[in-house]
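Single-structure report; data block below.
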Amino acid sequence: MIMEVSTGEPFEPSASPLQVALRQLNIACEKLGLEPGLQRIFANPKRILTVSVPVNRDDGSIEVFQGYRVHHNVARGPAKGGIRFHPQVTMEEVIALAMWMTWKCAVADIPFGGAKGGVVCDPKSLSQGELERLTRRFTSEISIILGPEKDIPAPDVYTNPQVMSWIMDTFSMHCGFSVPAVVTGKPLEIGGSQGRNEATGRGCVYAIQEAAAALGLKLNQASVVVQGFGNVGSTTALILHEECGAKVVAVSDSTGGIYNPGGLDPRKVLGHKKRTGTVTGFTDSEDISNQELLSLPCDVLIPAALEGQITRENAHTVSAKMIAEGANGPTTPEADVVLREKGVFVIPDILANIGGVVVSYFEWVQGLQHFFWSREEVNEELRKRMARSFSEVYSVSQEHRVDMRTAAYMIAVRRVAEATRIRGIYP
Ligand code: NAD
């Protein structure tokens, strides 16, 4: 099915991530006055691979899972994007996430196109052995489009360095030699990069620091609320608390949230979550729902869980001065309108969470060169790139009097459009 260019009609609040992504693209294309032909190219993924993944369960039965790998656009370089294991994964969602990867790589100005993968499964219900077999078979099924010059996966929701190791090993077994640059987010022992595991959260903090400086907000006096206490959310909370002196007043995960207006210690919350599997029930805090959490008064709100969290329905209840989107697609376009009217400064996902793909780029380069950098070098280079991207987006937003999301899209779409024009349409 070829996606027609979005008409810009308002749509329902239940809009899918793909509708949201197409609407955001449409807004940027209108601002840029982009040729409809190029917009039509960008509205459609380059390729979609759908695979079925049979797995031997521990009880002797065979289960078949559905998986996807989508390449949205490779005009600026090999396809890059994470792999998600989640029961609610759909092909449409993976297309939207792949499209966002194209824009993120362009905002970061790194030589990658956009990809994403997903398997419809509940990893919490799988044993470690089942998870390994699922990962290896999925990798084998999509290996026809993977490779250091073709497509380089990375972690996303409910996938981690161990999963990346199985992907690297499976691909390498097919080749007969080790191919570390086929995947990023690997452990250090097999060619991972210093700082990759915390890169998305750290990059998000660097973006928040830039925004705080632009807005005159003192982070050491700021209160912070974080939705989602996984890789991105917990790292952002830890660094804001320990390195910036910010007060983290609330955090949540899929089971609910906790709140203490006097401040939580994110490291202790992390210990509690490791022990009990949830943030709820933490001492010295009150349990709250994820909805209540999004409405808490605070300086910085960080959605770091899933898409579609801040919508037309609840945007008016947001009481934060700034939102930094650690997650992909947490805010719908209608919510953006409400937030703009309320004067909330939004650092959009395609800027706020690019730290992960930026350090993935460093990891890929290190893997290709077999020459590794120190943690200090990685973090310093990440800081420079986050500052540069923030400043470019902020300048466009000031110059064109548009919000930060539209400005980021304008930069990204312009860069991908330019690459497409220079390369031409084959044949
Ligand atoms: P993760 O699996 O490590 O953590 C996800 C967290 O969200 C978990 O704590 C989970 O309990 C929580 N969660 C799930 N559903 C929730 C809900 N309905 N309400 C509140 N919390 C909920 O995943 P992650 O890698 O931290 O990814 C989080 C977000 O960041 C995703 O949108 C992902 O696409 C995005 N992202 C991740 C990276 C990366 O490098 N890992 C990079 C860029 C963007």
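Dividing the summed -39500 (n - 2.57) terms of all DSSP H runs of n ≥ 4 by the residue count of the chain sets its mean residue ellipticity at 222 nm at -14500 deg cm²/dmol. In the frame of its principal axes, the stretch 46-177 has Cα extents of 47, 35, 23 Å, reported largest first. Rounded to two decimals, the Cα radius of gyration of the stretch 281-427 over 2.2 N^0.38 Å is 1.26.
Two tests apply to each whole DSSP H helix in the chain, Cα reach of 20 Å or more along its axis and mean Kyte-Doolittle hydropathy of at least 1.0, and the ones passing both are 91-108. Relative to the Cα centre, the charge distribution of the stretch 199-352, modelled as +1 at Lys and Arg Cβ and -1 at Asp and Glu Cβ, gives a dipole magnitude of about 360 debye.
When +1 charges are put on Lys and Arg Cβ atoms and -1 charges on Asp and Glu Cβ atoms, the dipole computed for the stretch 46-177 relative to its Cα centre reaches about 420 debye. Across all directions, the average projected area of the convex hull around the alpha carbons of the stretch 153-285 is 9.2 nm². Ignoring solvent entirely, what values of log10 I(q)/I(0) come out of the Debye formula for the chain at 0.06, 0.08, 0.12 Å⁻¹ when each Cα is a single scatterer? Evaluating at q = 0.06, 0.08, 0.12 Å⁻¹ gives log10 I(q)/I(0) of -0.22, -0.41, -0.97.
Sort 339-346, 407-414, 64-71 for me by packing, meaning the mean count of neighbouring Cβ atoms within 10 Å per residue, highest on top.
407-414, 64-71, 339-346
In order along the stretch 218-224, phi translates into HN-Hα couplings of 8, 5, 6, 10, 8, 9, 10 Hz, rounded to whole numbers, per the Karplus curve 6.51 cos²θ - 1.76 cosθ + 1.60 with θ = phi - 60° and x for Gly and Pro. Of all lysines in the structure, those lying under 22 Å Cα to Cα from Lys268, and not within fewer than 8 positions of it along the same chain, are Lys247.
3J(HN,Hα) couplings calculated from phi for the stretch 120-125 with the Karplus curve 6.51 cos²θ - 1.76 cosθ + 1.60 (θ = phi - 60°) are, in sequence order, 7, 7, 10, x, 5, 9 Hz; Gly and Pro show x. Of the residues Met322, Met3, the one with the fewest other Cβ atoms within 10 Å heads the list, and the complete ranking is Met3, Met322. Taken as Cα centroids, the stretch 131-174 and the stretch 30-44 sit 33 Å apart, rounded to the nearest whole angstrom. Assuming charge only on the beta carbon of Lys and Arg (+1) and of Asp and Glu (-1), the dipole of the chain about its Cα centre is about 840 debye to the nearest 20. DSSP finds beta bridges in the chain, and of those with both partners inside it, around 45 percent are antiparallel.
Ordering of 35-41, 376-382 by packing is 376-382, 35-41, highest average first (other Cβ atoms within 10 Å, averaged per residue).
Ordering of 254-261, 331-338 by packing is 331-338, 254-261, highest average first (other Cβ atoms within 10 Å, averaged per residue).
Rule-based calculations on the coordinates, nothing more; no lab input. This is a predicted model, so every value here is computed, not measured. Virtual Cβ from ideal backbone geometry, glycine too; neighbours counted across all protein chains shown.
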